[in-house]
């Protein structure tokens with residue numbers, strides 16, 4: 001039986017993630033855990049997260065998870081969600097500057113409060129909260145069965161700065177263009193919450209459960 | 001194209017049943033919350049809000065079970081309000097599967113609680129619910145915060161309060177006009193617009209929806225980021241899909 005470890009480092013609404021994964025993978029063993037041995041043995045790893053990145057990185061320190069996380073990131077089908085995307089980059093502006101895992105090159109920045117959009121001069125609200133469209137920059141097994149420009153549920157005040165690089169798998173516009181999904185080898189990570197994005201989100205989780213961890 | 005305006009059906013839950021009162025008096029039974037939530041999910045609701053109006057705190061466990069059941073079947077954001085007074089209450093609801101909690105009276109009595117909650121769980125899951133009533137006259141309207149289901153005035157100005165709650169770390173505001181709640185006369189547009197324009201966090205307009213046009217007006221005239229309604233959906237008068245179709249026709253961005 002396939003085992004799916006959901007990294008539990010004491011933050012955020014992990015229950016929503018586990019419930020959605022259980023729903024799409026009724027025959028899998030789904031475990032919230034910060035046990036390094038369990039993570040090493042699991043077939044797949046999900047790194048969810050909500051709240052502040054500073055607390056997230058501190059929690060990884062506290063539970064001594066850096067090493068096992070890097071091992072998982074190197075070899076297993078790996079899905080990052082929200083902070084689980086942001087943590088993969090070099091650094092974040094949050095908390096006065098936080099060094100992240102540096103798996104992917106780039107920066108995490110705060111949405112400026114002065115953003116506007118055409119036809120709305122009142123300024124965009126922060127956090128970016130609600131259903132926005134994701135443009136798929138590349139075909140990927142995790143996008144299978146999901147429409148181009150499909151809407152997913154977002155809630156975040158910091159974003160991964162968009163730069164042209166092969167790892168960008170999806171982008172979203174909210175006052176500016178940001179990286180909404182990233183993919184490299186066995187890693188896929190998203191800014192939005194698939195566990196809260198109804199049909200499209202469940203489809204993405206289903207795709208992850210059957211993904212062999214390669215890019216095609 | 002961009003971020004969609006959200007339509008949020010609200011379920012007032014009393015002892016595990018969906019009820020809806022008119023200005024908090026007449027209560028009509030509107031069914032089993034799990035079934036009702038599933039129906040709204042199928043109709044395309046963008047989120048669902050549960051307000052626990054159970055009087056006795058002993059019965060609040062019922063709400064936890066409702067949330068647990070809904071969260072294992074419905075995969076859109078769920079907000080729970082009513083009786084959220086301590087960090088422990090928030091943790092319990094999040095563990096049951098809620099994504100956000102709405103804090104109302106407890107924020108008025110102890111604003112620091114909002115700070116504490118946002119620090120602990122992140123602003124993204126802290127909604128501050130504001131019940132406001134007009135106190136100024138027509139030309140120079142002012143709105144004051146009321147607690148205890150609209151019965152107790154606090155002397156606090158609604159707009160200042162909204163700004164303060166945003167500063168304290170609220171991720172969103174759920175704004176209810178107590179004058180309009182249950183009347184079906186439409187949102188208090190002046191109130192909605194005043195609060196929406198005063199804060200940089202998203203605002204959900206609530207109270208008074210009787211027609212689909214009212215929902216659209218909350219966005220176009222009230223500047224709301226999301227609109228909440230209860231009774232027009234509960235009794236089958238309208239579906240969420242019909243609301244979205246009308247909003248889309250008016251050029252409002254919605255989720256298909």
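The values are calculated or read from the model by the stated rules, or taken from the named source; none is laboratory data. Everything quoted here is computed from the prediction, not taken from an experiment. As a convention, Cβ positions derive from the backbone with ideal geometry for all residues, glycine included, and neighbour counts pool all protein chains shown.
Mind checking which residues of the stretch A:14-31 are more than 11 Å from chain B (Cβ to nearest Cβ) and surrounded by 15 or more Cβ atoms within 10 Å (Cβ to Cβ)? Residues satisfying the conditions are A:25, A:28, A:30, A:31.
Kindly indicate whether any position in the stretch A:109-123 is closer than 30 Å to residue A:210 by Cα, within 11 Å of another protein chain (Cβ to nearest Cβ) and touching a residue at least 12 places away in the same chain (Cβ under 8 Å). Scanning the stretch A:109-123, I find no residue that is closer than 30 Å to residue A:210 by Cα, within 11 Å of another protein chain (Cβ to nearest Cβ) and touching a residue at least 12 places away in the same chain (Cβ under 8 Å), so the answer is no.
Take the residues of the stretch B:115-128 that are in contact with a helix residue (DSSP H, G or I) (Cβ under 8 Å, 6 or more places away or on another chain) and not in a helix (DSSP H, G or I): which is nearest to the other protein chains (Cβ to nearest Cβ)? Step by step, filter the stretch B:115-128, then rank; the result is B:126.
Yes/no matrix, rows are residues, columns are (1) surrounded by 17 or more Cβ atoms within 10 Å (Cβ to Cβ); (2) within 14 Å of chain A (Cβ to nearest Cβ); (3) within 26 Å of residue B:241 (Cα to Cα); (4) modelled with pLDDT under 85:
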| residue | (1), (2), (3), (4) |
| --- | --- |
| B:18 | yes, no, yes, no |
| B:23 | no, no, no, yes |
| B:28 | no, no, yes, yes |
| B:33 | yes, no, yes, no |
| B:41 | yes, yes, yes, no |
| B:44 | yes, yes, yes, no |
| B:48 | yes, yes, yes, no |
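Somewhere in the stretch A:77-85, is a residue within 15 Å of the chain's Cα centre (by Cα) and on the phi > 0 side of the Ramachandran plot? Yes, because at least one residue in the stretch A:77-85 is within 15 Å of the chain's Cα centre (by Cα) and on the phi > 0 side of the Ramachandran plot. Looking at A:122, A:44, can you tell me which residue is modelled with pLDDT under 95 and either surrounded by fewer than 20 Cβ atoms within 10 Å (Cβ to Cβ) or more than 22 Å from residue B:120 (Cα to Cα) (or both)? None of the others qualify; the one that does is A:122. One residue stands out in the stretch A:89-99 among those that are in contact with a strand residue (DSSP E or B) (Cβ under 6 Å, 6 or more places away or on another chain) and either in contact (Cβ under 8 Å) with a residue 40 or more places away in the chain or buried (at least 23 other Cβ atoms within 10 Å of the Cβ) (or both): the one that is nearest to residue B:99 (Cα to Cα), namely A:94.
Scanning the stretch B:129-149 for residues that are more than 16 Å from the chain's Cα centre (by Cα) and either within 17 Å of residue B:168 (Cβ to Cβ) or in a loop (DSSP other than H, G, I, E, B) (or both) gives B:135, B:136, B:137, B:138, B:139, B:140, B:141, B:142. When B:253, B:213 are screened for being within 13 Å of chain A (Cβ to nearest Cβ) and either modelled with pLDDT of 95 or more or over 18 Å from residue B:49 (Cα atoms) (or both), only B:253 passes. The single residue among A:201, A:170 that is crowded, with 20+ Cβ neighbours inside 10 Å, within 9 Å of chain B (Cβ to nearest Cβ) and within 26 Å of residue B:6 (Cα to Cα) turns out to be A:201. When the residues of the stretch B:72-95 are narrowed to those that are in contact with a strand residue (DSSP E or B) (Cβ under 8 Å, 6 or more places away or on another chain), within 14 Å of another protein chain (Cβ to nearest Cβ) and at pLDDT below 95, which ends up surrounded by the most Cβ atoms within 10 Å (Cβ to Cβ)? Among residues in the stretch B:72-95 that are in contact with a strand residue (DSSP E or B) (Cβ under 8 Å, 6 or more places away or on another chain), within 14 Å of another protein chain (Cβ to nearest Cβ) and at pLDDT below 95, the one surrounded by the most Cβ atoms within 10 Å (Cβ to Cβ) is B:93. Touching a helix residue (DSSP H, G or I) at 6+ places or on another chain (Cβ under 7 Å), surrounded by fewer than 18 Cβ atoms within 10 Å (Cβ to Cβ) and either within 13 Å of chain B (Cβ to nearest Cβ) or modelled with pLDDT of 95 or more (or both): does that describe residue A:127? So residue A:127 fails the test. Determine, yes or no, whether residue B:130 is surrounded by fewer than 24 Cβ atoms within 10 Å (Cβ to Cβ) and either modelled with pLDDT under 95 or touching a strand residue (DSSP E or B) at 6+ places or on another chain (Cβ under 8 Å) (or both). Answer is no for this residue. Among the helices (runs of 4 or more DSSP H) confined to the stretch A:4-90, the ones with at least 2 residues that are under 19 Å from residue A:190 (Cα atoms) are located at A:14-24, A:53-62, A:66-75, A:83-86. Checking each residue in the stretch B:204-249 for being on the phi > 0 side of the Ramachandran plot and crowded, with 24+ Cβ neighbours inside 10 Å picks out only B:207.
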